[in-house]
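For reference, the structure discussed in these notes is given below.
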Amino acid sequence: MDLKKRLEQRFLKYSAIPSQSDPSNETIPSSIGQWEMARTLADDLKELDVQDIEIGETGVVYGRLPARLSPGHKPVPVVGWCCHMDTVDVHLSPEVHAQIIRSYPGGDILQNEEKQIYIREEDHPELRDYIGQDIIVSDGTSVLGADNKAAVSNVMVALEILKEDPEIEHGEIFIAFVPDEETGLRGSKTMDFSKFPVDFAYTIDCCEEGEVVYQTFNAGEAVLTIRGVPAHPMSSKNNLVNPCMVAVDYINLFDRAEMPEHTEDTEGYLWVTDIFSDSLDAKVMIDIRDHDLKKYNAKKEFLKKAMEITQLKHPKAQLSLEMKDIYGNIYDALNDDNKVCIDYLYKALEELGIKPKTKAMRGGTDGSFISTKGIPTPNYFTGALNFHSSAEFLPMNAFENSCLVTLKLMELIAKN
Ligand SMILES: [Zn+2]
């Protein structure tokens with residue numbers, strides 16, 4: 001069976017399992033469907049000679065493929081692949097009905113006759129790059145979920161190819177399928193890294209053919225808690241400390257030029273995401289993001305300083321600041337010994353004749369968390385476009401190329 005056919009079949013199978021994550025549920029996994037995905041994948045891995053298959057308490061599926069190298073072969077790096085099993089909740093249906101448009105002729109794509117849902121060429125001129133190709137789309141009531149089931153299918157098909165062709169040499173390979181990426185990398189944060197003891201890893205979780213990401217934000221969140229002093233208007237003068245106004249004074253210290261509405265590319269920001277307040281208490285929630293670790297830490301320092309300044313202005317208010325780191329920049333996990341994971345990726349693209357499109361991501365992937373464990377985990381393309389929307393589509397040629405990158409990486413790493 002050719003590669004495209006295999007990918008197509010796997011994708012249709014996995015996308016039909018509804019595994020949307022639920023950001024309002026704090027349990028991991030946050031939805032029943034992710035357990036079903038986990039069980040299905042664990043069963044499928046058994047057919048592919050993968051060993052030590054295990055579903056962890058939070059639904060993470062682990063597996064290990066032993067190395068297959070000629071006798072006397074020098075040791076090669078141990079590599080992992082991590083893919084997420086959930087699809088995103090953007091208030092669309094959790095049920096995905098994928099359909100294949102054969103030899104897309106151009107123009108609008110009718111996704112749903114009954115509901116008259118289209119992907120309009122006018123709104124999505126990127127469609128024009130795929131005229132004449134097979135394209136997978138949803139029925140318009142859901143995302144397609146190529147994010148990240150294209151990756152899951154990609155890895156499974158690559159393992160299938162390795163099993164069928166004993167001529168292909170490869171090093172030891174670890175697999176982790178994780179739940180709840182879309183709800184804040186919550187699944188990968190519960191990974192047991194003793195079951196993923198790799199030198200480096202890859203995610204396949206970005207879009208267009210050629211995309212490579214090894215720079216993500218350092219991300220954290222801060223909560224400023226303010227307790228004011230309430231008073232009746234008869235005696236409020238010189239007594240009342242209004243927590244709403246303390247919050248305003250705090251936020252007014254921020255540099256407007258360093259907010260998301262004024263930043264792009266590798267410029268970091270502080271994003272005031274929520275303010276809650278009544279006459280006694282206020283809370284200010286802030287997202288902290290920067291690609292540069294020094295600047296990220298400086299932003300955290302600034303938030304403390306701003307609190308001290310606000311405190312001086314309102315000595316009777318009680319202020320406290322809590323900050324926590326959420327994930328890091330993949331780039332910061334790279335060192336002389338492991339940066340080879342990036343070299344392999346570019347070499348794979350070069351050998352396959354795929355033009356690299358390197359991007360600094362204004363966000364994070366599972367790799368951004370895994371990298372904080374000292375395992376650099378760059379990210380490459382699935383081939384799909386318009387993630388997180390009903391117009392998400394997966395062109396088969398790019399999907400195939402994404403799988404070829406996986407196979408090429410396995411080959412190059414074995415050659416070392
Ligand atoms: Zn994803």
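The values are calculated or read from the model by the stated rules, or taken from the named source; none is laboratory data. Please read all numbers here as calculations on a predicted model, not as lab measurements. Here the Cβ positions follow ideal geometry from the backbone for every residue, glycine too, while neighbour counts run over all protein chains shown.
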* Looking at the stretch 75-90, is at least one residue outside any loop (DSSP other than H, G, I, E, B), in the same structural domain as Thr203 (by TED's automatic domain parsing) and free of Cβ contacts under 8 Å to residues at least 40 places away in the same chain? -> no
* Structure fact -> Exactly one of Asp139, Asp147 is over 23 Å from Ile28 (Cα atoms) and either assigned to a loop (DSSP other than H, G, I, E, B) or not hydrophobic (A, V, I, L, M, F, W, C) (or both), and that residue is Asp139
* Asked: Looking at the stretch 123-132, is at least one residue within 14 Å of the ligand (Cβ to nearest atom), in contact (Cβ under 8 Å) with a residue 24 or more places away in the chain and part of a loop (DSSP other than H, G, I, E, B)?
  -> no
* To do: Could you pull out the residue among Asn218, Asn242, Asn252, Asn238 that is on the phi > 0 side of the Ramachandran plot and of a type in the set (S, T, N, Q)?
  => Asn238
* Structure fact -> From the option list Pro29, Pro23, Pro18, single residue qualifying as in contact (Cβ under 8 Å) with a residue 12 or more places away in the chain, surrounded by 13 or more Cβ atoms within 10 Å (Cβ to Cβ), closer than 21 Å to His91 by Cα and out of contact with any Ser or Thr (no Cβ under 7 Å at 6 or more places or on another chain) is Pro18
* Just give me the residues in the stretch 237-262 being among the β-branched types (Val, Ile, Thr) and in a helix (DSSP H, G or I), in sequence order. => Val246, Val248, Ile251
* Can you name the residue in the stretch 83-136 that is touching a Pro at 6+ places or on another chain (Cβ under 6 Å) and surrounded by fewer than 16 Cβ atoms within 10 Å (Cβ to Cβ) and is also farthest from Ala398 (Cα to Cα) among such residues? -> Glu95
* Listed residues Ile375, Ile370, Ile342, Ile309; which is closer than 30 Å to Val229 by Cα and aliphatic (A, V, I, L, M)? -> Ile309
